[in-house]
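Below is one structure, written out as structure tokens, with a few remarks after it.
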Amino acid sequence: MSWTLGPDELRDLARGAALLGTGGGGDPHVGRLMVTEAMRRHGPVTVLDPDEVADDAFVIPTAMMGAPTVMIEKIPRGDEAVAALRALERHLGRTADATMPIECGGINSMIPLVVAATTGLPVVDADGMGRAFPELQMETFGVYGVPGSPMAVSGDHGELVLIDTGDDNKRMEWLARGATIRMGGAALIAEYAMTGAEVKRTAVPRTLSLGLSVGRAIREAREQLRDPVSALAEALAPTLYAHLRVLFAGKVADVERRTVDGFAKGRARFTSFDGTSTLRTAFQNENLVAEVDGQVRAIVPDLVCVLDAESAEPITTETLRYGQRVVVVGISTPALMRTPEALAVFGPACFGLDQPFIPVESEAREWRVAR
């Protein structure tokens, strides 16, 4: 059923969104501040369960695209996402009945809420990634037949670019990335316009609710002096993300990070607290793979999440730094994201990784290192 989201719940949602962003998706703190201001001006947001969306409803997802490292310094003006939505409505000759996230991680769980609060539209409790991915074609929407274009790209100087590549979502990403780079490395977008029936068929359901519930579980565990990682595992167990594995505990030993081609790309190395084990990750905005002593323990599209060792607060790839004490967990993704069709669009090979996809829950044991 539909529910109302107010400003008091945004901190928990931002925390959960950062977790589901698996290191990427943009800074949810910036997004939370944007939503808080929009709600202060216009009121709370109605969140629709995907099953309640009429089949003939017209839904336009909204989001931010660009390198997370850029977003730290280039904060949106605030009205760009609405401008992108309105531009796409004009181009298509049809008014949106709702908006929706394209991904449930980081700032992109928040941008549709800004649009919803500002315009009065409801936001659908679903998304097209079930986490965060760096490229626009990496959507369950596209995997299961919804074209991403036409799309609108909006910059903070009032620029608007319309892109139409038919059903070629990869070329759409390439063109939109170029426009975003020339808009300063970050822009707001509206894309993957679809019907309510297509939402039900192609979207990962109830991911806003999930972000809120896992963010709340972490906070409440800390308040009750319980282990927040165990509380997180308990919160995930009855959901589509049922399996959590602790992969590693230790300290950040080295981070190599570059902003290139509109992405934050790099690697990180972690050492166990007793110095006997090493974990390495690679990321493109989001964490892609975790290797413990040369053995792959989790790999995209499953989630690789770096958490503060004491608080379980998620750490994004752009804020990862030497000396942080962390726990790294792997979380399973829904079956919708593990089909051969899905892996062909956002599986390991799509990121240049030569390892096959192995579900994180296939590990026979958890990797726990004494803290």
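Quick notes on this structure:
- Summary of the geometry: region 248-289 and region 14-75, compared by the centres of their Cα atoms, lie 26 Å apart.
- Helix 10-20 axis, angle to the chain major axis (alpha carbon atoms, nearest 10°): 70 degrees
- The trypsin sites (Lys or Arg not before Pro) of region 78-186 that DSSP puts in a loop, and whose beta carbon has at most 12 other beta carbons within 10 Å, are ARG94.
- Tilt relative to the chain, helix 169-182 - C-alpha long axis, 0 to 90 degrees, to 10: 90 degrees
- For region 227-362, the fraction of C-alpha pairs more than 21 angstrom apart is 40%.
- Straightening the chain between ARG90 and THR239 buys 49.8 nm, computed as 0.36 nm per residue apart minus the Cα-Cα spacing.
- Positive-pole candidate from TRP174, MET151, THR195, dipole of region 148-225, charges at beta carbon: THR195
- Gaussian network model of the chain, springs between alpha carbon atoms under 10 Å - residue of GLY106, GLY166, GLY66 with greatest fluctuation: GLY166
- Cα-projected label distance for SER362 with ASP254, points at 7 Å along beta-carbon direction, nm: 3.0 nm
- Taking 7 Å steps out from each Cα toward its Cβ at TRP3 and SER311 produces label points 2.4 nm apart.
- In the chain, the DSSP-assigned H stretches of four residues or longer account for a calculated mean residue ellipticity at 222 nm of -8500 deg cm²/dmol, using -39500 (n - 2.57) per stretch and the full residue count as denominator.
- Mean projected area in nm² (Cα convex hull; one quarter of hull surface) for the chain: 16.4 nm²
- Seen from all directions on average, region 3-205 presents a Cα convex hull projection of 9.4 nm².
- In a DSSP loop and with at most 14 other Cβ atoms within 10 Å, the GluC sites (Glu not before Pro) in region 63-155 are GLU73.
- Using alpha-carbon coordinates, inclination of helix 207-223 to the longest axis of the chain, degrees: 40 degrees
- A full extension of the chain between ASP167 and ARG182 corresponds to an added length of 3.0 nm, given 0.36 nm per residue minus the alpha carbon distance.
We did not get these values from a lab; they are worked out from the coordinates using the rules stated. Just so it is clear, the model here is predicted, and its values are computed rather than measured. Reconstructed Cβ throughout: ideal geometry from the backbone, glycine too, with neighbour counts over all protein chains shown.
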